[in-house]
Amino acid sequence: MEGREEQAIVSLLDKDPELKKYYEEHQELEKKLSVYQHKHHLSCEEEIEMKRIQKLKLVGKDRMMEILEKHKRAGGNH
């Protein structure tokens, strides 16, 4: 996620509970993923879990971008 996008998301967290939920999940998944990324060798189970986390992060990011876009469009209509 680009810094500009993240700043826009953070600025909306108090206004959009759904966005806040996805953002917090994204942060938690990032922490979990970091554990695997710092290992030199992963077991098959760890590789599978890492890929699962990456997919969840991507789905959450896509959803956050949709919500952000919705807010941008709504802001442009005022």
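Readers should treat all values here as calculations from the given coordinates under stated rules, not as data from a laboratory. The shown structure was predicted, so the numbers you read here are calculated from the model rather than taken from an experiment. Positions of Cβ are generated from backbone atoms using ideal geometry, with glycine treated the same way; all protein chains shown enter the neighbour counts.
Things to note:
- Charge dipole magnitude, Cβ of K and R +1, D and E -1 - the chain, Cα centre, debye nearest 20: 160 debye
- Region 3-76, relative contact order [Cα under 8 Å, separation at least 6], %: 37 percent
- Packing rank of 61-73, 18-30, where each peptide gets the mean count of other beta carbons within 10 Å, highest leading: 18-30, 61-73
- Scaled against 2.2 N^0.38 Å for its residue count N, the alpha carbon radius of gyration of the chain is 1.31.
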